[in-house]
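Visitor: What follows is a single structure, and I will ask about it in a moment.
The numbers here are math on the coordinates, done by the rules we state, and not lab data. As the structure is a computational prediction, the values presented were derived from the model and not from experiment. Note that we place each Cβ from the backbone using ideal geometry, even for glycine, and neighbour counts take in every protein chain shown.
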Amino acid sequence: MKSLIKRIGESEKKYVSEVLDTDFRSSKGSMMMTRVEQKFAELFGARYAISHVNGTATLHSAIAAAGVEAGDEVIVPPLTMSSTAFGVLQNNAVPIFADVDERTFNISPDAIRNCVTDRTRAIIPVSLYGLPCDAVEINKIAKEYHLAVIEDNAECFMGKIDGNIAGTLSDMASFSFQSSKHLTSGEGGMIITNNEEYANKVRRFSSLGYAGVGAMKGKITKKDIQNPDYERHCSMGWNYRMPEICSAVILGQLEHCEELVQRRIEVANMFRTEIEKYSWLIPQYIPDGFENSYWTLAVQLDTKKIGWNRFRDKFIENGGDGIYSAWQLTYLEPMFRDMALQGREVFFKEPFNIYNPKRYEKGICPIAEKLQPRMLQFKTNYWDFTDAEKQAEILKKTLKELD
Ligand SMILES: Cc1ncc(COP(=O)(O)O)c(C=O)c1O
């Protein structure tokens, strides 16, 4: 692969110009939303792709489409960005936190099983740091208990399980195009599904509850709205449509998505080679048959040997780029800890978990609590490969000095 790749290529610019040339008038053919949805669906071999303004709105829509109602329980991991649980709260449902696997850092199917109650309606596994969640096992549990599975794949684009693209084994999967993600238009998101009913509901929910939209139709027609008797809204909805400019950028990104993903994999593997020489660093485990798309390279640091700050400071002192920590566990964020849930806790019928924590507090997910302070996330998005090689050298030196 060539050393320098362009994150934003010529196609992105061409499609953005096309949008600008239409003055944003759909009557002039401004149809990027439809084009990007078709191309995204094609790539995944999915029947439907429905674009959104970001990868949080996608979750809000998907959870609603799955039929989750106020007071229902939805199982989520705690080691993730907060949007996963926010989507549940936005539906006035109750996030139930299932612990993660110590090696893959992804939600553990066994822990999910232990969290199922007669109020559970859905599971939202996250494919963390680019590694697909264990969709096969999770879907077995879901089938047994008649639950919907919505993969939060904001961080995983083109990860694979036994050759299946991550997101294609579950009822729905959600993607994000925020600026750090594999594909980006600054902000944006997508849901894929093969289920027509879900697709229709997602579309309507994300498009103001319009009667005239559907799985394959993102806009209502001029003819309809010119009719004074036209009734637009058959349900309540949000305006979560992805802007045309963002759609144009993602359409262009899809044309060279393989090199964008491959670059992250190459960088992660180069860093991994150095990291694997030391027993006090344990990179995210990749089970047989799984392919990590490496949004970042996540590594567990033995903080008894080397403190997190010491590692970071040494790396930076040697010229390393910033290292990210893991997010605070969602249920330990002040809003959960203090139940600052904007009145939504009225929907929580206590006890809301078979483990019966009447509050969100320490002890719910011990493995995630152990992992979170030890996690190091190394950037993988180096478009100039020589920059990544320099970082690998700096990493090598840092590891030697700290050992
Ligand atoms: C796991 C996960 N879910 C959801 C989101 C939310 O996506 P967005 O920022 O597009 O709303 C993100 C990241 O931003 C994420 O990492």
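Visitor: Taking 8 Å as the Cα distance limit and 6 or more residues as the minimum spacing, I'd like the relative contact order of the chain as a percentage.
Guide: Computed over the chain, the figure is 21 percent.
Visitor: Reachable lysines from K223, Cα under 22 Å, same-chain residues fewer than 8 places away excluded?
Guide: K28
Visitor: Just want the ordering: L208, L371, from fewest to most Cβ atoms lying within 10 Å of their own Cβ.
Guide: L208, L371
Visitor: Further question on the same structure: How long is the range 88-167 along each principal axis, judged by its Cα atoms, biggest number first, in Å?
Guide: 34, 26, 23
Visitor: In whole Hz, with x marking every Gly and Pro, tabulate ³J(HN,Hα) for the range 370-375 from phi via Karplus 6.51 cos²θ - 1.76 cosθ + 1.60, θ = phi - 60°.
Guide: Result, rounded to whole Hz: 6, 6, 3, x, 9, 7.
Visitor: Roughly speaking, what is the centre-to-centre gap between the range 21-75 and the range 245-265 when only Cα atoms are used, to the nearest Å?
Guide: Their Cα centres are 17 Å away from one another.
Visitor: Less than 13 Å Cβ to Cβ from T398, Lys/Arg counted +1 and Asp/Glu -1: what total charge do the surrounding residues give?
Guide: +1
Visitor: Can you work out the PRE-style zone for A211? Point 7 Å along Cα to Cβ, and I want the residues of the range 228-269 with backbone N under 19 Å.
Guide: The answer is 228-238.
Visitor: Same structure, new question: Under 15 Å from a point 7 Å along the Cα-to-Cβ line of K143: which residues of the range 151-186 have their amide N that close?
Guide: 169-171
Visitor: Apply the Karplus parameterisation 6.51 cos²θ - 1.76 cosθ + 1.60, with θ equal to phi minus 60°, to every residue of the range 125-130 and state each ³J(HN,Hα) to the nearest whole Hz, in sequence, with x for glycine and proline.
Guide: Going residue by residue, I get x, 10, 8, 6, 6, x Hz, with x marking Gly and Pro.
Visitor: Please work out how much length the chain gains when fully extended from T273 to S180, using 0.36 nm per residue of separation minus the C-alpha to C-alpha distance, in nm with one decimal.
Guide: 31.1 nm
Visitor: Could you please rank E69, E151, E12, E37, placing first whichever residue has the fewest other Cβ atoms within 10 Å of its Cβ?
Guide: Ranked by crowding around the Cβ, least crowded first: E69, E12, E37, E151.
Visitor: Work out how much length N227 to D21 would gain on full extension: take 0.36 nm times their residue separation and subtract the Cα-Cα distance, in nm to one decimal.
Guide: Additional length available on full extension: 71.3 nm.
Visitor: Estimate the FRET efficiency between L4 and R103 by the formula 1/(1 + (r/R0)^6), using the beta-carbon distance for r and 30 Å for R0, to the nearest 0.05. Don't jump to the answer; show the numbers that get you there.
Guide: Working: r = 35 Å, r/R0 = 1.16.
With a Förster radius of 30 Å, E is 0.30.
Visitor: Still on this model: Would you tally the net charge around D162, using a Cβ to Cβ cut-off of less than 12 Å, leaving D162 out, and scoring K and R as +1, D and E as -1?
Guide: Numbers: positive: K160; negative: D134, D288, E291.
Around D162, the surrounding residues sum to -2.
Visitor: Taking K400 as the anchor, which aspartates and glutamates have their alpha carbon closer than 19 Å to its alpha carbon, excluding any fewer than eight residues away along the same chain?
Guide: Within reach: E274, E276, D302, D313, E317, D321, E389.
Visitor: Between rounded, prolate and oblate, where does the range 113-258 land on the alpha carbon gyration tensor, with a ≥ b ≥ c its root eigenvalues, rounded for a/c under 1.5, else prolate if a/b exceeds b/c?
Guide: oblate
Visitor: How compact and how long is the range 10-256, expressed as Rg and Dmax of its alpha-carbon atoms in Å?
Guide: According to the Cα coordinates of the range 10-256, Rg and Dmax are 17.9, 60 Å.
Visitor: What are the lysines whose alpha-carbon lies under 29 Å from the alpha-carbon of K143, with same-chain residues fewer than 8 places away excluded?
Guide: In chain and number order, the partners are K160, K201, K349, K358.
Visitor: Pairs to check: K277/K396; K181/K379; K181/K397; K277/K397. Give those whose C-alpha atoms are more than 18 Å from each other in this structure. Spell out each step's value before the answer.
Guide: Details: K277/K396 10 Å; K181/K379 11 Å; K181/K397 29 Å; K277/K397 12 Å.
Among K277/K396; K181/K379; K181/K397; K277/K397, the Cα-Cα distance tops 18 Å for K181/K397.
Visitor: Sticking with this structure for a sec: May I ask for the distance between the Cα centers of the range 108-122 and the range 152-184, given as a whole number of Å?
Guide: So the separation of the two Cα centres works out to 22 Å.
Visitor: How far, in nm, would the chain grow between I316 and R359 when pulled straight, counting 0.36 nm per residue and subtracting the alpha carbon separation?
Guide: Gain on extension, I316 to R359, equals 11.6 nm.
Visitor: As a footprinting exposure proxy, order M270, M236, M172 by other Cβ within 10 Å, with the fewest listed first.
Guide: Lowest to highest Cβ neighbour count: M236, M270, M172.
Visitor: A further question follows. Short version: ³J(HN,Hα) in whole Hz for each residue of the range 172-179, in order, from phi by Karplus 6.51 cos²θ - 1.76 cosθ + 1.60 (θ = phi - 60°), x for Gly and Pro, what are they?
Guide: 8, 9, 10, 10, 10, 10, 4, 4
Visitor: Now for a different question. Quick one: net charge around T34, please, counting Lys, Arg +1 and Asp, Glu -1 for every other residue with C-beta under 11 Å from its C-beta.
Guide: With Lys, Arg at +1 and Asp, Glu at -1, the net is +2.
Visitor: So what is Rg over Rh here for the range 259-389, counting just Cα atoms and using Kirkwood for Rh? The partial results should precede the final answer.
Guide: Values: Rg = 18.6 Å, Rh = 17.3 Å.
Radius of gyration relative to Kirkwood radius: 1.07.
Visitor: Hey, rough spin-label estimate for K400 and A70, points 7 angstrom out along Cα→Cβ, what's it come to in nanometres?
Guide: For the pair K400/A70, the computed spacing is 6.4 nm.
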